[in-house]
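The values are calculated or read from the model by the stated rules, or taken from the named source; none is laboratory data. For clarity, every value in this text was computed on a predicted model and none was experimentally measured. Neighbour counts run over all protein chains shown; Cβ positions are idealised from the backbone, glycine included. Please note that ligands, DNA and RNA were not included when accessible areas were found on the heavy atoms of the full protein model with its side chains. Shrake-Rupley method; radii C 1.70, N 1.55, O 1.52, S 1.80 Å.
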Amino acid sequence: MTDQTTAVRAGTPHRRARGGPHRGGTGGRVPSGFAMHGRFRHAYLTPAVLFVAVLIYLPFLWTAYLSLTSYDGLGSPKFTGLDNYRRLFQDEALLTSVRNTLLWVAGTTILPVGLGLLVAVLSYNIKGGAWYRLPFLVPYAMSGAGLGLIWGFILQPDGMANQVLSFLGMPGGHTEFLQDGPRNTLAMIVVWAWQQLGVNMLLFVVGLQSIPRAPIEAARIDGASGWQLFRHVIWPLMRPLTTVVFGLALVASLKTFDIVWVMTQGGPGRTSETLAVTMYRQVFVADEYGYGSAIAVALTTVTGLASYVYLRHQLAREGS
């Protein structure tokens, strides 16, 4: 009996060494419930994957197929190959849409993001700063269609903007803000920036609040203040957030539709169309589903590539 007990005691450390550390009497083995969870973990993702596939991937694949056909919404699509994509490079109105879209990308990333950062920095950490920021948040609560309707009346030839300029005796009292391109596009970019400024400002305020106080206080002790403090301390710490804000603004600018459609419907003479408006016109106005789908595929591809290149560039900068 003594020998058996000695043998068992001698073998116990050996068994524990092979089975790993002692875990509640299970000999290091994973409980069966956890094993079942690990075995079927992919099944829990199936509903989400199916949901995304049905709402995003399948419609995109169907659109990509329609872009290779001639289809007016009735009957069956007729396969035409790459004819719609060849037409993209020959459509002068589409080239105007590309120019306007590039203007939107530049204006609606620089203006609202830059002004949002400026307002956030100037109103941060001062008494009553939240009240100073409130007027900039109100436009963001409005829909793009409602905003476009209001500013469409203001910027008409006999609208409030020209009447105020004429009443004050200032130059520009008879400016046709929405009648000539690319002036109409620039006017709508300013309206869009006015709306988007508030949300960008709010994101930057959150970023400022998350910055540790130690680096700022250390920089102030070293004599940094104002622009030096912002450039060398605050801005580097906010760079990851700035990457996200710029990325969101970039994607939003490429698919701008509601304000343009409500204010000008892409006119006059299609001079203010963006790619999103051109796509809508071809599909729902001209009933050219194949050509409109080709524009949609091109727009999606450009948006995805622009986002990918921008994020890769920013991540490479942060990694270096």
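Taking each residue of the stretch 123-145 that is acidic (D, E) and looking for partners that are not in a helix (DSSP H, G or I) with beta-carbon atoms closer than 8 Å, six or more apart or interchain, yields nothing.
Consider the stretch 136-168 and keep the residues that are open to solvent by 30 Å² or more (accessible area, probe 1.4 Å) and under 23 Å from the mean Cα position of the chain (by Cα). The one that is nearest to F257 (Cα to Cα) is A145. Answer yes if at least one residue in the stretch 194-212 is under 24 Å from the mean Cα position of the chain (by Cα), open to solvent by less than 60 Å² (accessible area, probe 1.4 Å) and within 30 Å of L95 (Cβ to Cβ), and no otherwise. Yes, the stretch 194-212 contains a residue that is under 24 Å from the mean Cα position of the chain (by Cα), open to solvent by less than 60 Å² (accessible area, probe 1.4 Å) and within 30 Å of L95 (Cβ to Cβ). A Cβ distance below 9 Å, combined with a sequence gap of six or more or placement on separate chains, defines the contacts here; from the stretch 174-203, residues that are among the hydroxyl-bearing types (S, T, Y) reach residues that are open to solvent by 70 Å² or more (accessible area, probe 1.4 Å) in the pairs T175/R183; T185/R99. Screening the stretch 213-320 for helices (runs of 4 or more DSSP H) wholly inside it with 1 or more residues that are under 19 Å from L66 (Cβ atoms), touching a Leu at 6+ places or on another chain (Cβ under 7 Å) and open to solvent by 50 Å² or more (accessible area, probe 1.4 Å) returns the ranges 275-280, 289-319. Each residue in the stretch 84-102 was checked for being touching a residue at least 40 places away in the same chain (Cβ under 8 Å) and open to solvent by less than 80 Å² (accessible area, probe 1.4 Å), and 10 pass. So is R270 basic (K, R) and at pLDDT below 85 or not? It is false that R270 is basic (K, R) and at pLDDT below 85.
Residues of the stretch 103-133 that are open to solvent by less than 60 Å² (accessible area, probe 1.4 Å), of a type in the set (G, A, S), part of a helix (DSSP H, G or I) and within 26 Å of I216 (Cβ to Cβ): G114, G116, A120, S123, G129. The residue pairs whose first member lies in the stretch 240-268 and is on the phi > 0 side of the Ramachandran plot, whose second member is modelled with pLDDT of 85 or more and surrounded by fewer than 21 Cβ atoms within 10 Å (Cβ to Cβ), and whose beta carbons are closer than 8 Å, counting only pairs six or more residues apart or on different chains, are G266/R281.
Selection of first residues in the stretch 160-172 that are over 18 Å from R183 (Cα atoms) and of second residues that are open to solvent by less than 40 Å² (accessible area, probe 1.4 Å) and of a type outside the set (A, V, I, L, M, F, W, C), restricted to Cβ pairs under 6 Å at least 6 apart or on distinct chains, gives the following pairs, ordered by first then second residue: S166/G173.
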